[in-house]
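K.L.:
A single structure is presented below for examination.
Just so you know, all these numbers are worked out from the coordinates, no wet-lab data involved. None of these values were measured; they are calculated from a predicted model. Quick reminder, even Gly has a Cβ in these numbers, built from the backbone with ideal geometry, and neighbours come from all protein chains shown.
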Amino acid sequence: MTDEEIGKLTQIYHDMLVGVGEDPSREGLLDTPKRAAKAMDYLTGGYRANLDDVVNKAVFTSDIDQLVVVKDIELYSMCEHHMLPFIGKAHVGYIPNGKVLGLSKIARIVDVFARRLQIQENLTKQIADAIAKYTGAKGVGVVLEAKHLCMMMRGVEKQNAFMKTSVMNGTLRTSDSCRKEFLSLIQEK
């Protein structure tokens, strides 16, 4: 965000504090609107990220044709309905088709899409589609599991519920054995 955009967002947070009955001029809140604006800028950085720049040509030729899995990738996102966080992990697997993706790029792709206002269902698909786009994989599987503060702090207030979503495409969708292998690998400790 530009300085001007941060300034506008800072004013919005100032007005929000007034709206909930707080005094933005009290000592503990003096810099809160600006800190909150900068935090929101960071938490929504995925809108300003370019996937081509993130992947940065880290796609390499390989004759590997077996499942590649990266599991337990931490993710932090914000629910688009209440703007409250959801926190969890992503498990990503793909069957290469002549190309592999640099390991850190998988986590960076997760972050690009997680750093937007989201619903978990869409986030799962966006990650899978990006992995497929950059690798041309024979199949991609993504499983996300997360706890949603919009369900924990308000509404039904269920502290132990978590949501799992999955997207399987290509061979990971059509082959029972490939899908089972992926799911068993992400379950192992």
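K.L.:
Counting only other residues whose beta carbon sits under 12 Å from that of ALA58, what net charge do I get with K and R as +1, D and E as -1?
P.N.:
Its environment carries a net charge of +2.
K.L.:
I would also like to ask the following. I'd like the Kirkwood hydrodynamic radius of the chain, using the inverse of the mean 1/r over distinct C-alpha pairs, in Å.
P.N.:
18.3 Å
K.L.:
Which order, highest average first, do 95-104, 176-185 follow once you tally other Cβ atoms within 10 Å for each residue and take the mean per peptide?
P.N.:
Final packing ranking: 95-104, 176-185.
K.L.:
Within region 94-136, what residues put their amide N at less than 14 Å from the label point 7 Å along the Cα-to-Cβ vector of ASP53?
P.N.:
112
K.L.:
Within 10 Å of each candidate Cβ there may be at most 12 other Cβ atoms; applying that plus a DSSP loop requirement, which trypsin sites (Lys or Arg not before Pro) in region 1-50 survive?
P.N.:
ARG26, ARG48
K.L.:
What are the extents of the Cα atoms of region 79-189 along their three principal axes, in Å, largest first?
P.N.:
Here the spans come out as 47, 26, 23 Å, largest first.
K.L.:
Net charge near ALA107, counting Lys/Arg +1 and Asp/Glu -1 over other residues with Cβ under 14 Å of its Cβ?
P.N.:
It works out to a net charge of +2.
K.L.:
Give me the angle, in degrees from 0 to 90, between the Cα long axis of helix 176-187 and the longest principal axis of the Cα atoms of the chain, rounded to the nearest 10.
P.N.:
50 degrees
K.L.:
Between GLU27 and PHE60, what is the FRET efficiency for a Förster distance of 45 Å, r being their Cβ-Cβ separation, to the nearest 0.05?
P.N.:
Step by step, r from the Cβ atoms, then E = 0.25.
K.L.:
With angles folded into 0 to 90 degrees, how steeply does helix 103-114 sit against the dominant principal axis of the chain? Use alpha carbons for both and round to 10.
P.N.:
40 degrees
K.L.:
Taking Cα pairs under 8 Å and at least six residues apart, what relative contact order does region 22-162 come out at, in percent?
P.N.:
Once divided by the residue count of region 22-162, the mean separation gives 26 percent.
K.L.:
Still on this structure, I have one more. What number, rounded to the nearest 500 deg cm²/dmol, is the helix-based mean residue ellipticity at 222 nm of the chain, given -39500 (n - 2.57) per DSSP H run of at least four residues and division by all its residues?
P.N.:
Theoretical 222 nm ellipticity from helices: -13000 deg cm²/dmol.
K.L.:
Please work out whether region 3-43 counts as rounded, prolate or oblate from its C-alpha gyration tensor, where a ≥ b ≥ c are the square roots of the eigenvalues and a/c under 1.5 means rounded, while otherwise a/b larger than b/c means prolate and anything else oblate?
P.N.:
Prolate, since a/c reaches 1.5 and a/b exceeds b/c.
K.L.:
Something else now. For region 111-169 and region 1-58, what is the separation of their C-alpha centers, rounded to whole Å?
P.N.:
Here the answer is 24 Å between Cα centres.
K.L.:
How much length, in nm to one decimal, is gained on full extension between GLN187 and ASN160, taken as 0.36 nm per residue of separation minus their Cα-Cα distance?
P.N.:
Here the segment from GLN187 to ASN160 would lengthen by 7.8 nm.
K.L.:
Return the FRET efficiency for the residue pair LYS147, LYS125: r is the Cβ-Cβ distance, R0 is 25 Å, and the value is rounded to the nearest 0.05.
P.N.:
For R0 = 25 Å, the calculated efficiency reads 0.80.
K.L.:
Additional query: Averaged across orientations, what area in nm² does the convex hull of the alpha carbons in region 143-189 project?
P.N.:
Averaged projected area of region 143-189's Cα convex hull equals 4.2 nm².
K.L.:
What is the helix-to-structure angle for 120-135, meaning the angle in degrees between its Cα long axis and the longest Cα principal axis of the chain, kept from 0 to 90 and rounded to the nearest 10?
P.N.:
50 degrees
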